[in-house]
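I have placed the structure first, in the form of C-alpha cells, so that the comments after it can refer back to it.
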Amino acid sequence: MAKKYFKIFALSLAVLFVGISNLSAQVVNPVKWEFKTKSLGSNEFELQIIGDIEPHWHVYSQTVGEPVIPTSFMFKPSKDYELVGKTEEPEGVTVDDPVFQMKLKYFEDEVIFRQKVKLLSAKATVLGDFEFMTCDDKTCIPPEIVEFEFNLEGDRKETSAEQPKEESKPITISVSGDHQPEQNQGVLTPATWESKVVDLGDGMYELQAIATIDEHWHVYSMDIDGPQASEFNILKPEGLKPVEGPTENGKLIEEMDPNFDMVLGYYENTVTFSQKVKVEGSQTILAEVYFMVCNQGKCIPPEAVELEYKIGEKNEVANIDGNGTEGAEKEEGRNLWTLLLLSFGGGLAALLTPCVFPMIPMTVSFFTKQSKTKAEGIKKGIVYGSSIIIIYVLLSVPFHIFDTVSPDIFNEFSTNPYLNFFFFLVFIVFSISFLGAFEITMPSSWVNKADSASDKGGLIGVFFMALTLILVSFSCTGPAIGLLLGSVLSTDGGATALSVGMLGFGLGIGLPFGLFAAFPGWLNSLPKSGGWLNTVKVIFGFVELAFAFKFLSNADLVLQAHVITREVFLAIWIGVFGAMAMYLFGMFRLPHDSPLEKLSVGRGLFAIFTLVFTIYLLPGLWGAPLKLISGFPPPAFYSESPNGVGFSGKSAAVMSSDASSIPEGTDPDHCPHNLNCFHDYELGLAYAKEVGKPVMLDFTGWACVNCRRMEENVWSDPRVLERLRNDYVLISLYVDEKQKLPEEDQFISDVTGKKVKTVGNKWSEFQIRKFKSNTQPYYVVLDHEEKQLHEHAAYDPDIPKFIDWLERGKKIFEEGK
C-alpha cells in the first residue's frame, strides 16, 4: 500500500512540475468539502459528503484503478450504528484523461457521495475519513485524506414518507495542499487499548496492553529519543516490582518522521506492550500506558490510559468483539478431562495384563501380614497406591523443564519426522513384545536396588515397593506409557497434558491397589489369573502396531515422501484390525496363548466390534471421509489418486468448473476439500486485497491430528465449506513444512533463540511473534491491513459455533471497509 502511494505521489509531483509555470507558485484549493445529514425515518440517515469543485478540475470515482488513486471512504466501526449498503456516487463522466492517457471516470463542478446508516442506539457519532485525488487537464494535486464527523440523534419514531426531511446545517471544510482539516472533527481517538493477562506459571504473569490503531496513524516505540516515547508503568499496588521488561511486540517501522524531521520507530495497526510481574494470590493490578499518536500531518498530545488486570481471574482479553478466548479455554479444559478419563481407562486396561494383575493379591497379602493392625494395613496400602500415582506423574516433570526452556518444544516434538520415526520403531518393538515374541524388562540391577530399598520399612520402604512394582511390570506398562507419551507429543497439549495423562494412568493402576489393601475381602471377587490375561496383552499388541504406523505416517507427511499415502495407511489398518478380529474369533493362536476350547461372550462381542470396525475402514480406500478416525489417516488430498480425490470423491478439476478461475499461487489438489488455499502469506494477502475478501489464516501442520479432525469433521459441512470457498481467502501455513529457506532468508529468532531455516520454521516464528501462540490448529481472521478482527478459533468440533465465528469475522470486515 505504501509503495503504491509513493508511486502515485511521485507521478503527481512530476506532472505538477511540468505545469508549475501555469500555477504561478500559488496555493491551489480546487475542492471545498461540506457535510450534511438527511433523516430518512425509522432511525436511518443519509450522510452526504459534498465536494464543490472549481472549473477545469475534477475528482476521481471510487471505481478507478492504478495508477490513479480512487476516492475511498473508511468508516470507524461502532456498536451505535451500522452501514446500510455501500457509499453511492453520481453517474459522473467517463473520458480519456489527458494526464494519465486512459479512460477514467471522474466528477466536475460538484459531486455528492451518499452513505446510508442505521442507528442502533439513541445517539451515534460517525467518525471516519476519505481519500481523494484532484487533477485538471495538466496537473494533479497529491492525494489527500479528509476526516469527518457526523453527530446523529434518532427519535425512535417512524417517519412518514410524506413528511419533509430535516437537514442539518452544512459543515464546510476547505482543503488545500497537504493541510489536514482541523475544524469540526471532534475528539479523535485513533488508538484504543485492551488488557490481557497471561499466566506463565509459578506465580509469574505477563500483563499485556494491546493497541488497535486506526489506519494512517501510528504509536511510537518505547525505545526512541525525540518525541514522547511510549511508556508502560504499574500504578497499583504500590511496591509491586516488575520482572524484566517492559517489552513491545509488533511490526516496528523505522523511517523518517515528517512531524519531527528525524528517523523514529513506530507501530501501525497494532502493538502490544508487555510487563512481567511476580504475584502471590489473587489481586487487582492497575497499570498505565502513556503514549502519543501521530499521522503524516499532525500529532495528538500525549495521553495516559489506565488498564486493570485481575490476577487469579479469567482476563484473557477485553476484546474486540466481546468473546475473547474463553471458549478456547473451556475447550482446552474439556480436552484435559477427556485425556484424564482415557488415560485412566488405559491404566485399568494395563492392570489386566499378566505382569500387573497377579501382583494385586500378592501385594495386598504382604501388607496385611506385615501390619500389626487393620488400620496400619489400610494406611500402608493407601500410601502404596498413592506412591504409584506420584511416580508416574514425576515421569512428566522433565517435559515441564523442556517447555520452560523452549516454548515451542512440543511443537517440535510433534512435527519432527525423525522423532516420529523413532516412535514408530519403539512401537513396533513394543507390539512384537506384546504379541509374544520376547519380553521387555528393566535392567535387573535397577529392580534389585529398588527392592533392597523397600526393606527399610516405614513410608520410604512403601514408596520403593511401589517403584519396584513399576519396574517389574514395565514389560506390560511400558508400551502403554509409550502410547500415551507419543499421543500427547503428537498434539499441542504440552507438558500439562502429559502430566494429566500420567496422572490418569497412575490412578488406573494405583487406585485398585489402595482400595484392595483397604478392603482385602474384595480380593475374593477378582477373577482368577489365566489365559485371558495374555489375550488382553495381545490386544494391546495389535493396537500398538496400528498406532506405530500413525507415527510413520506423520514422518512421511512432514517429509512429503508420499510413501504412506492415505490408501496405504488404511490398507495397513485394515490388515491389522482384520488380523485382530480373526485372533479374537480363535482362528489362530500366538505364543503363550492357552488352547481356546470355547469362545466367551465378552471375547465374541469384542471380536464382532473389531470386525465391524475393519469393514468400516474399507470404503476409505475409495475416498470415504471415515469421520470416526478423522485426524489419524493422512488427509484425503495426500493420496495416490492423480487428481487428489477429495472428501466428496470429486477431483480438483470437477470441483472447479473453470480451471482458469484458480488463483495463481494456490494448489487445490493440496488443500482440504479442493479449496483454493494459499501456502504463502504474502501471496494470499495480496490476492485478498485484489478480490476484496477477508483472510482466514490457518496455522496447521502435516502431523497435526486435530487439524485433520477440524478439516474432516467441521470444514466438510456444506455450510462451512460454502463460506470458506466464497467469503474468505484461505491461507494455510504448515508449521512443520521441511522445505529449506534460501540461505539469505535464514536467521536466528529473537523469540525462540533458534535458527529459522525451513518454511515451517518461518511460519511457526510468524505465529509466535504475531499471535503469541504456537498451537495448531489456530485460525485467525485478518483484514487487508493485517489486523485481527475478532478472537481466534482453535480445535472445536461444534459446527454452528465455527459458522458463527466465520459470519462474525465477515461482518466486521465488511463494516470496516
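Of the residues 278, 251, which is under 28 Å from the mean Cα position of the chain (by Cα), touching a residue at least 12 places away in the same chain (Cβ under 8 Å) and farther than 19 Å from residue 193 by Cα?
When all the criteria are applied, what remains is 278.
So how many residues does segment 242-280 have that are out of contact with any strand residue (DSSP E or B) (no Cβ under 8 Å at 6 or more places or on another chain) and under 21 Å from residue 201 (Cα atoms)? Break it down stepwise before answering.
If we filter segment 242-280 for residues that are out of contact with any strand residue (DSSP E or B) (no Cβ under 8 Å at 6 or more places or on another chain), which is where we start, we get 258, 260-261, 280.
Next, only the ones that are under 21 Å from residue 201 (Cα atoms) stay: 280.
Final tally of qualifying residues: 1.
Run down 91, 82 and say which single residue is free of Cβ contacts under 8 Å to residues at least 60 places away in the same chain, open to solvent by 50 Å² or more (accessible area, probe 1.4 Å), of a type in the set (Asp, Glu) and more than 19 Å from residue 30 (Cα to Cα). Lay out the reasoning, then the answer.
Values: 82 fails: free of Cβ contacts under 8 Å to residues at least 60 places away in the same chain.
Unique residue meeting the criteria: 91.
Tell me which of these residue 27 doesn't satisfy, since it passes every other one: (1) at pLDDT 90 or above; (2) exposed (fewer than 15 other Cβ atoms within 10 Å of the Cβ); (3) not hydroxyl-bearing (Ser, Thr, Tyr).
Among (1) at pLDDT 90 or above; (2) exposed (fewer than 15 other Cβ atoms within 10 Å of the Cβ); (3) not hydroxyl-bearing (Ser, Thr, Tyr), the lone unmet condition for residue 27 is (1).
Where in segment 368-464 are there helices (runs of 4 or more DSSP H), lying wholly inside it, with at least 3 residues that are at pLDDT 70 or above and within 30 Å of residue 739 (Cβ to Cβ)?
Working: elements: 374-394, 397-405, 409-415, 417-434, 444-453.
In segment 368-464, 417-434 are the helices (runs of 4 or more DSSP H) which contain 3 or more residues that are at pLDDT 70 or above and within 30 Å of residue 739 (Cβ to Cβ).
Name every residue in segment 238-259 that is open to solvent by less than 70 Å² (accessible area, probe 1.4 Å) and closer than 21 Å to residue 300 by Cβ, in order of residue number.
248, 250, 253, 257, 259
Being surrounded by fewer than 19 Cβ atoms within 10 Å (Cβ to Cβ) and in contact (Cβ under 8 Å) with a residue 12 or more places away in the chain narrows it down to one of 571, 607, 581, so name that one.
571
Report, ordered by the first and then the second residue, all pairs with beta carbons closer than 8 Å, sequence separation of six or more or different chains, a first member in segment 179-201 that is at pLDDT 85 or above, and a second member that is open to solvent by 50 Å² or more (accessible area, probe 1.4 Å) and not charged (D, E, K, R).
194/318; 194/320; 195/318; 196/318
Enumerate the pairs (first residue in segment 133-148 and aromatic (Phe, Trp, Tyr); second residue anywhere and modelled with pLDDT of 80 or more and in a strand (DSSP E or B)) with beta-carbon separation below 7 Å, excluding pairs fewer than 6 apart on the same chain, so at least 6 apart or on different chains.
From segment 133-148, the pairs are 148/35; 148/49; 148/128; 148/129.
For segment 54-108, enumerate the residues that are in contact with a Phe, Trp or Tyr (Cβ under 9 Å, 6 or more places away or on another chain), over 21 Å from residue 33 (Cβ atoms) and part of a loop (DSSP other than H, G, I, E, B).
67
What residue, of 254, 280, is acidic (Asp, Glu) and outside any strand (DSSP E or B)?
280
Yes/no per residue for (1) of a type outside the set (Val, Ile, Thr); (2) touching a strand residue (DSSP E or B) at 6+ places or on another chain (Cβ under 7 Å); (3) over 30 Å from residue 88 (Cα atoms); (4) open to solvent by 40 Å² or more (accessible area, probe 1.4 Å):
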{"site": "746", "(1), (2), (3), (4)": "yes, yes, yes, no"}
{"site": "768", "(1), (2), (3), (4)": "no, no, yes, no"}
{"site": "800", "(1), (2), (3), (4)": "yes, no, yes, yes"}
{"site": "814", "(1), (2), (3), (4)": "yes, no, no, yes"}
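State all residues of segment 684-719 that are touching an Asp or Glu at 6+ places or on another chain (Cβ under 8 Å), open to solvent by 10 Å² or more (accessible area, probe 1.4 Å) and modelled with pLDDT under 90; if no residue qualifies, say none.
702, 704, 706 - these are the residues of segment 684-719 that are touching an Asp or Glu at 6+ places or on another chain (Cβ under 8 Å), open to solvent by 10 Å² or more (accessible area, probe 1.4 Å) and modelled with pLDDT under 90.
Give the residue, chosen from 595, 625, 635, 642, that is open to solvent by 60 Å² or more (accessible area, probe 1.4 Å), within 23 Å of residue 676 (Cα to Cα) and either at pLDDT 85 or above or not acidic (Asp, Glu) (or both).
That would be 642, the only listed residue that is open to solvent by 60 Å² or more (accessible area, probe 1.4 Å), within 23 Å of residue 676 (Cα to Cα) and either at pLDDT 85 or above or not acidic (Asp, Glu) (or both).
So, in segment 669-694, how many residues would count as being of a type in the set (D, E, K, R), within 20 Å of the chain's Cα centre (by Cα) and closer than 23 Å to residue 718 by Cα?
Going residue by residue through segment 669-694, those that are of a type in the set (D, E, K, R) are 669, 680, 682, 689-690, 693.
Checking the rest, the ones that are also within 20 Å of the chain's Cα centre (by Cα) come to 680, 682, 693.
From what is left, the residues that are closer than 23 Å to residue 718 by Cα are 693.
Result for segment 669-694: 1.
Is it true that residue 134 is within 24 Å of residue 808 (Cα to Cα) and touching a Phe, Trp or Tyr at 6+ places or on another chain (Cβ under 7 Å)? Explain how you work it out, then say what you get.
On the way: within 24 Å of residue 808 (Cα to Cα): no; touching a Phe, Trp or Tyr at 6+ places or on another chain (Cβ under 7 Å): yes.
No; evaluated as a whole, the condition is false for this residue.
Looking at segment 94-121, which of its residues are on the phi < 0 side of the Ramachandran plot, surrounded by fewer than 19 Cβ atoms within 10 Å (Cβ to Cβ) and among the polar types (S, T, N, Q)?
94, 121
Evaluate the following for residue 588: is it surrounded by fewer than 19 Cβ atoms within 10 Å (Cβ to Cβ), of a type in the set (A, V, I, L, M, F, W, C) and farther than 30 Å from residue 714 by Cα?
The answer is yes for residue 588.
Are there any pairs with C-beta distances below 9 angstrom linking a residue in segment 107-129 that is touching a residue at least 24 places away in the same chain (Cβ under 8 Å) and among the acidic types (Asp, Glu) to a residue that is loosely packed, with under 14 Cβ neighbours inside 10 Å and in a strand (DSSP E or B), with the two at least 6 apart or on different chains, and if so which?
108/93
Of the conditions (1) in a helix (DSSP H, G or I); (2) modelled with pLDDT of 80 or more, residue 654 fails just one. Which one is it?
The failed condition is (2).
Provide a single number: the residues in segment 216-235 that are among the hydrophobic types (A, V, I, L, M, F, W, C) and either within 29 Å of residue 72 (Cβ to Cβ) or free of Cβ contacts under 8 Å to residues at least 24 places away in the same chain (or both).
Number satisfying all stated conditions: 3.
The values are calculated or read from the model by the stated rules, or taken from the named source; none is laboratory data. Nothing here was measured: the structure is a model prediction, and the numbers come from that model. Cβ coordinates were reconstructed from backbone atoms using ideal geometry, including for glycine residues, and neighbour counts include every protein chain displayed. For accessibility, only protein heavy atoms count, side chains too; no ligands or nucleic acids. Shrake-Rupley method; radii C 1.70, N 1.55, O 1.52, S 1.80 Å.
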